[in-house]
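The values are calculated or read from the model by the stated rules, or taken from the named source; none is laboratory data. From a predicted model like this one, the values you see are computed outputs, not experimental measurements. Every residue, glycine as well, gets a Cβ built from its backbone with ideal geometry; the counts of neighbours run over all protein chains shown. For the accessible areas, the whole protein counts, side chains as well, though only heavy atoms, and no ligand, DNA or RNA atoms are used. Shrake-Rupley method; radii C 1.70, N 1.55, O 1.52, S 1.80 Å.
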Amino acid sequence: VVGVLDDCLCDITSIDNFNTYKIFPKIKQLQERDYFRYYKVNLKRPCPFWAEDGHCSIKDCHVEPCPESKIPVGIKAGLSNKYLKVANNTKELQDCEQANKLGAINNTLSNQSKEAFIDWARYDDSQDHFCELDDERSPAAQYVDLLLNPERYTGYKGSSAWRVWNSIYEENCFKPRSVYRPLNPLAPSRGEDDGESFYTWLEGLCLEKRVFYKLISGLHASINLHLCANYLLEETWGKPSWGHNIKEFKRRFDPVETKGEGPRRLKNLYFLYLIELRALSKVAPYFERSIVDLYTGNVEDDADTKSLLLSIFQDTKSFPMHFDEKSMFAGNKKGAKSLKEEFRLHFKNISRIMDCVGCDKCRLWGKLQTQGLGTALKILFSEKEIQKLPENSPSKGFQLTRQEIVALLNAFGRLSTSIRELQNFKVLLQHSR
């Protein structure tokens, strides 16, 4: 995989070097910090699109939730924007919670009305979201230690996994019925078509719809790379051995075995990396404010974590070949607004499909990575709001929850790891020859 990426002026070698020497070592460190290792997720939400065909019973599909005693006190304390210094003052927190109670007025409202108000507030909050967010207050939502539940090959495959990806590609990537070539790399090809008719169609799409397909394809490639790099090679005396599976890597990405599709998928991974890299450089001012404090309750650790995060943001700003998101939704105002909303709703639908994944570990990482990408898109299309942020008070125009922050940085961490693993596979392939 070499050369310049389509739809942006960036070459792959520059990304490889930038990721290896600047981003990867720091993002790996960041993912090990308490603030970023604990992610609250609801793995029990029912699939909204079809009757579930049972959960995966393979032991490696299981996710071990985190016991309450292990969660840092500052994270456990509640509010979804708990990273703000103003929210960390106990007295102010109590006053705030008191003010949020409807008090005597509650007595005059029916339960139905109260539920309606909650729904309206949730609807208003969701207008800039590209993802269906889990309700963190739900009893079914649990904290998961991401370091103890790594993304890797679990053995989850077959019709259940195929149906999820098929639904994502076939129903949510703007594909007309006249294009017979399935977008899903897992689907069988039709006849002698080598895929060129599909790519002719893709090139004819507007930039925004082309970008959408590349983001999904890049995410799929990244997930497949993680599975190939952390594969169950053998199990002796009950002790599993995980590592790189070259045969599986070639099956998914080799140009011969994939009829030329593999390198295209990997180029889409690089494209996705650029999109999320751009989002991190854009959101830096939000975190550079003194009011933002990545709060876990351990003052010294929290200061170190913020310092490391700001250092990563500085690196992202120094990258010279960023994707220019201003080229998107740049047509006439009415058409651009309609297209942006269509783009947002398609992606939101994909985030809901993650509740249909039968393997809990795959569902966990699928939800986290789609939410991370959804947060990146929200950032890219909120530039004006980010520029207007007040220095010493919370912003009403643009806000990120802790869940979004954790997903954003961990999702980018997975992409950084994918590109690093790609270098490892190149070395392994050279040795195997």
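Within segment 392-412, can one find any residue that is more than 20 Å from the chain's Cα centre (by Cα), over 30 Å from Leu294 (Cβ atoms) and free of Cβ contacts under 8 Å to residues at least 24 places away in the same chain? The answer is no; no qualifying residue exists. Of all residues in segment 11-39, which are open to solvent by 20 Å² or more (accessible area, probe 1.4 Å), touching a residue at least 40 places away in the same chain (Cβ under 8 Å), under 30 Å from Tyr143 (Cβ atoms) and in a helix (DSSP H, G or I)? Residues satisfying the conditions are Phe24, Lys26, Lys28, Gln29, Gln31, Asp34, Arg37. When segment 311-328 is filtered for residues that are crowded, with 16+ Cβ neighbours inside 10 Å and among the acidic types (Asp, Glu), the ones remaining, listed by number, are Asp315, Glu325.
Listed here are the helices (runs of 4 or more DSSP H) enclosed by segment 313-400 that have at least 3 residues being touching a His at 6+ places or on another chain (Cβ under 8 Å): 360-380.
Of everything in segment 235-253, what is open to solvent by less than 40 Å² (accessible area, probe 1.4 Å) and part of a loop (DSSP other than H, G, I, E, B)? Give them in sequence order.
The answer is Asn245, and nothing else.
Taken over segment 139-157, residues that are closer than 19 Å to Gly374 by Cβ and either open to solvent by 20 Å² or more (accessible area, probe 1.4 Å) or aliphatic (A, V, I, L, M) (or both) amount to 3. Screening Gln314 on (1) at pLDDT 90 or above; (2) within 30 Å of Pro48 (Cα to Cα) shows it passes everything except condition (2). Only one of the numbered conditions (1) among the charged types (D, E, K, R); (2) crowded, with 19+ Cβ neighbours inside 10 Å; (3) farther than 23 Å from Leu272 by Cα is violated by Lys367, and that is (3).
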